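The values are calculated or read from the model by the stated rules, or taken from the named source; none is laboratory data. Values in this document were obtained by computation on a predicted structure and should not be read as measured data. In this analysis, Cβ positions are derived from the backbone assuming ideal geometry, glycine residues included, and neighbour counts consider all displayed protein chains. Keep in mind that these areas ignore ligands, DNA and RNA; they rest on the heavy atoms of the full protein, side chains included. Shrake-Rupley method; radii C 1.70, N 1.55, O 1.52, S 1.80 Å.
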Amino acid sequence: MPSIPKKNRTTLAVKARSTYLKDKQKAFTGMDKSNRSIYNSIQWRKLRQMILHKQPICVMCEQKNRYTTANTIDHILPINKGGAVWAIDNLQALCSSCHNRKSARDK
């Protein structure tokens, strides 16, 4: 029976992983990376934890009488549109799905 040399074998896992990585890279193309230093700062992480502690439920879900755990802090008025970065009254706790919906609308 003929066999394929080991170095030329591509398994389904390897193909799936490479496809996954390509799709992941495509998802982030065109994303604004100018605010990356803010979100990686210690000050932001502390502020994020404080707000999630005060508002553990997603604000948008709560308005619809659903109770979903918030895991994302969102700027109500985006930074790129003139929103204050560190102002607590410009921040809200959202779940991932609500945050993605709002971000898509903002673009």
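Assuming R0 = 25 Å, can you tell me the calculated FRET efficiency for the pair SER37 and ARG105, based on Cβ-Cβ distance, to the nearest 0.05?
0.50
So what is the accessible area of segment 38-92 per residue, in Å², with the probe set to 1.4 Å?
67 Å²
Karplus couplings for segment 47-63 from phi (6.51 cos²θ - 1.76 cosθ + 1.60, θ = phi - 60°), rounded to Hz, Gly and Pro as x?
5, 4, 5, 4, 5, 5, 5, 6, 10, x, 9, 4, 5, 5, 5, 5, 5
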